[in-house]
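One structure is given here, and the rest of the page talks about it.
The values are calculated or read from the model by the stated rules, or taken from the named source; none is laboratory data. What you see is a predicted model; the values in this text were computed from it and never measured. Cβ placement follows ideal geometry from the backbone for every residue including glycine, while neighbour counts extend to all protein chains displayed.
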Amino acid sequence: MMPNIKETYDVVVVGAGHAGCEAALASARLGLETIIFTVSVESIAMMPCNPNIGGSSKGHLVREIDALGGEMGKNIDATFIQSKMLNASKGPAVHSLRAQADKSDYSRRMRQVLENTEHLHIRQAEVSEIIVNDGVIGGVKTVSGAVYEAKSVILCTGVYLKARCIYGDVSYHTGPNGLQAANHLTESLINNGIEVRRFKTGTPARVDKRSIDFSKMTEQFGDKTVVPFSFETDPATVQKDQVSCWLTYTNEETHKIIKDNIDRSPLYSGDIQGTGPRYCPSIEDKVVRFADKDRHQVFIEPEGLYTNEMYLGGMSSSMPEDVQYAMYKTVPGLEHVRIVRNAYAIEYDCINAIQLKSSLEFKKIKGLFAGGQFNGSSGYEEAAAQGIIAGINAAQYVKGKEPLILDRSESYIGVLIDDLVTKESFEPYRMMTSRAEYRLILTQD
């Protein structure tokens, strides 16, 4: 037998996306020795899809995360490049803060916070197995054979489990942005009686700012007076020059190109088995499902201050490369567009969250918790909200204390978790104000 590394911690967190970061910070800040695993240290708190935090109902989640001592609100306050209070003309129940992030800045600052948090250790390695002894979690094992014993484990694997990226007939087994997928853990979960399912999500192309004609689009400005996300951020520190976003629309020519090539879409050819989110459909889904609409909004959003990449919000797709170019070029202002990164769909393994208690602990395995997209949700904010609750409750479990369970009547996080663990969801779950029956009293302020 070759000698293998063996270490012991209170809490192990698997995955360092938005859920993993909040989970690890919560556990470490509660004084527990915590180790967080990531397939790449460069991908800590990465934003692989849209470049913003907040939005309708999601802004509420960020405020609640902040009230619980989480980091997301502070992080976006320090790295935003545009901020806007949405639905300001409507009643206060639906006012929602949304900020454009500088993506690389957002990730860099969150990594810095993790690196400088006491009791928290970062490890770049792929976790391949969970160790379970008589229905109680005992730790994890990595692909190298190293064993990390722990009293509690939190799974926040996001979209990395057996991830497959697809556009047209191109398919490759990788996580978002070409990062390595985690191909081993699923088998261990199934062997331990955990029910796994396959979901999918998608992202639009990123394009070169220099190839866009903004004169054909409507400029979208940030608010004159910026309201911070975090209750601890001094409002004076967030008043700064902001970057504009831009609005344009698809048209009948765009829709004709999509319809003429729909048989080449992996969504419709059967190549994608995973179930996609109804409330964040691809452009080909929109054109097919809303055939009566002659146009759809396209938001052109900067990915950061130090890049020319622009995000085409509202036009996510898994169409072949040539179709992507053809359809994007019919959109006013994008006639000469140059693609930097193709749009793609991503399929991944996740769980049916009705296997969890309201504390986000598995019913069948004591001390094993789960948070984020792994639980069948979608969105950075939904992930972070579950992450902080899983982190707090893993710490409570280790200390032998009662879990923190938020009620539907007192928080959006309560609604999110209750929906996930009690109502079987057959698609990636997205938070919306309409899901909260107490929304009139759960305002984001």
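Of note:
- Residue that is farthest from Gln373 (Cα to Cα), among those in the stretch 338-350 that are surrounded by 21 or more Cβ atoms within 10 Å (Cβ to Cβ) and aliphatic (A, V, I, L, M): Ala343
- Test: Ala23 is touching a Cys at 6+ places or on another chain (Cβ under 7 Å), closer than 13 Å to Cys156 by Cβ and surrounded by 22 or more Cβ atoms within 10 Å (Cβ to Cβ): yes
- The residues listed here are Ile405, Ile388, Ile392; of these, the one that is out of contact with any Leu (no Cβ under 7 Å at 6 or more places or on another chain), at negative phi and touching a residue at least 12 places away in the same chain (Cβ under 8 Å) is Ile405.
- Test: residue in the stretch 368-386 that is under 22 Å from Thr275 (Cβ atoms), among the hydrophobic types (A, V, I, L, M, F, W, C), assigned to a strand (DSSP E or B) and at pLDDT below 95: no
- Pairs, first over 17 Å from Cys49 (Cβ atoms) in the stretch 166-190, second among the polar types (S, T, N, Q) and assigned to a helix (DSSP H, G or I), C-beta under 9 Å, six or more apart: Gly168/Gln324; Asp169/Ser269
- Here Ile166, Ile137, Ile154 are screened, and the one residue that is under 19 Å from Ala23 (Cα atoms) and within 25 Å of the chain's Cα centre (by Cα) is Ile154.
- Flag for Ser89 being among the hydroxyl-bearing types (Ser, Thr, Tyr) and over 23 Å from the mean Cα position of the chain (by Cα): yes
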